[in-house]
Amino acid sequence: MIQTIITKHYDSLTVKGKIVASEILELGDQVCFMTVRQLSQHANVSTLTVVRTVRDLGFDGYSDFQRPSNATSIIKGLAQATPSMPKVLTKRSIKRWISPLNKLRL
């Protein structure tokens, strides 16, 4: 999902924005667990540049950017760790499979 968004907006990003976007693609799923500061240090840009870049990609802010990445990473991780995870994911199967997890405080 994020790769599609970055590809769509890449040409309109600033030079430093393109650096941030490239780092996001390179880091993959790790980026959803990084703070703004950690990503900015990794890309050698300011935290403001990271926030501006994710806004330029169409997100409201960094936390909004992390949400789809986080959900994708969690579901991928769960699918790899649990053989009983349905092969074809539908909204209904995800809700049914994840509902017991909602009771946990993560």
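The values are calculated or read from the model by the stated rules, or taken from the named source; none is laboratory data. Not measured: the values here are computed from a predicted model. Heads up, the Cβs are rebuilt from the backbone with ideal geometry, glycines too, and the neighbour counts pull from every protein chain shown.
Give the range 2-45 a look and list any residue that's farther than 16 Å from Arg55 by Cα, of a type in the set (A, V, I, L, M) and exposed (fewer than 15 other Cβ atoms within 10 Å of the Cβ), or say none. Across the range 2-45, the qualifying residue is only Leu25. Given the criteria out of contact with any helix residue (DSSP H, G or I) (no Cβ under 8 Å at 6 or more places or on another chain) and hydrophobic (A, V, I, L, M, F, W, C), does Val15 qualify? In short, yes.
Taken together, Arg52, Arg37, Arg92 contain a single residue that is of a type in the set (D, E, K, R) and modelled with pLDDT under 85, which is Arg92.
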